[in-house]
Amino acid sequence: MPKHNAGRNYHRTLISSMTARNVRRKRRLRFRVLIILLAAALVGYAALGALNLAVVTSARARILPQEDAAALGNIDAILVLGAQVMPNGSPSHVLEDRMKRGVALMQSEAAPVLLVSGDHGQKQYDEVTCMKQYAVDNGIPSNIVFMDHAGFSTYESLYRARDVFQCKRVIIVTQSYHLSRALYIANALGLDAYGVASDYRTYATQPYMTVREWAARAKDFFKCMFQPKPTFLGTPIPLNLDGNVTNDPDQIFTAREKQ
């Protein structure tokens, strides 16, 4: 065989060998990266699960049937947490059920006042007026229904219940999937809180709400460690006043416009 052909064959073999080694090296690298990513995902999932378990376990003893909650005594307020209001101004099924339970607790004289807390950060979207109207329509006097227009999150609702409405001992009303987190936050903020679930039906959005709640528990676990102030605080509103003093949300819109 001529020398120049042997040389070409040698170079081809060398290049093929180097190419094969590079392919194998890249495959090994991709495999290692995949293993690292899977390990990180498993660690993250385990950490998220541990945080969720801590939140749920800590609140378990504080979740009561309505009858037991009504017999507690010395409760400052029934605190109903807000949820979606439909475009026509009516409550969503989730919110309607929370208000149904809150009204039932008021009718059983579990507390002297009803505090409804939700999002009214925009003039065209108003959870708390919808909530108060439901209560009044179902026989609760307007003067004992207080509205917190700046309850933009579960954490902010509970922080403001303590600092603005000066609550010390409350019964929280929301669905069971959400109740553990609300009670965990309340305890972290120093409130003596109990919870009553408002699960009157199965919700079409329950799978989404459950997944979202897993992430929210982890977020609020860390938020409770640092306890940042809510978006708004403002002047204290003692619950021995007339609840109709909270009917006007102008102070919130004014504060938002100044930011």
Selection within segment 154-178 - surrounded by 20 or more Cβ atoms within 10 Å (Cβ to Cβ) and of a type in the set (Gly, Ala, Ser): Ser157, Ala161
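Here are Asp148, Asp192: which of them is closer than 14 Å to Leu79 by Cα, crowded, with 23+ Cβ neighbours inside 10 Å and assigned by TED's automatic domain parsing to the domain that holds Gly89? Steps first, answer last, please.
Values: Asp192 fails: crowded, with 23+ Cβ neighbours inside 10 Å.
Answer to the check: Asp148.
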Single condition Ala204 does not satisfy, out of (1) among the small types (Gly, Ala, Ser); (2) touching a helix residue (DSSP H, G or I) at 6+ places or on another chain (Cβ under 6 Å); (3) at pLDDT below 95: (2)
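Report those strands (runs of 3 or more DSSP E) wholly inside segment 143-220 carrying at least 1 residues which are touching a Pro at 6+ places or on another chain (Cβ under 9 Å) and in contact (Cβ under 8 Å) with a residue 24 or more places away in the chain.
Values: elements: 145-148, 169-174, 192-197.
Where strands (runs of 3 or more DSSP E) fall fully within segment 143-220 and carry at least 1 residues being touching a Pro at 6+ places or on another chain (Cβ under 9 Å) and in contact (Cβ under 8 Å) with a residue 24 or more places away in the chain, they are 145-148, 192-197.
With the requirement that a residue be in contact with a helix residue (DSSP H, G or I) (Cβ under 9 Å, 6 or more places away or on another chain) and either closer than 12 Å to Leu81 by Cα or surrounded by 18 or more Cβ atoms within 10 Å (Cβ to Cβ) (or both), what does segment 116-134 give you?
Taking segment 116-134 as the starting set, the residues that turn out to be in contact with a helix residue (DSSP H, G or I) (Cβ under 9 Å, 6 or more places away or on another chain) are 116-123, 127-128, 130-132, 134.
Once the filter is applied, which keeps residues that are in contact with a helix residue (DSSP H, G or I) (Cβ under 9 Å, 6 or more places away or on another chain) and either closer than 12 Å to Leu81 by Cα or surrounded by 18 or more Cβ atoms within 10 Å (Cβ to Cβ) (or both), segment 116-134 yields Val116, Ser117, Gly118, Asp119, His120, Gly121, Glu127, Val128, Cys130, Met131, Lys132, Tyr134.
Answer yes if at least one residue in segment 54-68 is closer than 30 Å to Asp97 by Cα, modelled with pLDDT under 85, outside the structural domain of Arg212 (by TED's automatic domain parsing) and surrounded by 10 or more Cβ atoms within 10 Å (Cβ to Cβ), and no otherwise.
Initially, segment 54-68 is screened for residues closer than 30 Å to Asp97 by Cα, giving 54-68.
In the following step, the residues that additionally are modelled with pLDDT under 85 were identified as none.
No, segment 54-68 contains no residue that is closer than 30 Å to Asp97 by Cα, modelled with pLDDT under 85, outside the structural domain of Arg212 (by TED's automatic domain parsing) and surrounded by 10 or more Cβ atoms within 10 Å (Cβ to Cβ).
The values are calculated or read from the model by the stated rules, or taken from the named source; none is laboratory data. Here the structure is a predicted model, which is why all the values come from computation and not from measurement. Glycine also receives a Cβ, built like all others from the backbone with ideal geometry; neighbour counts cover every protein chain displayed.
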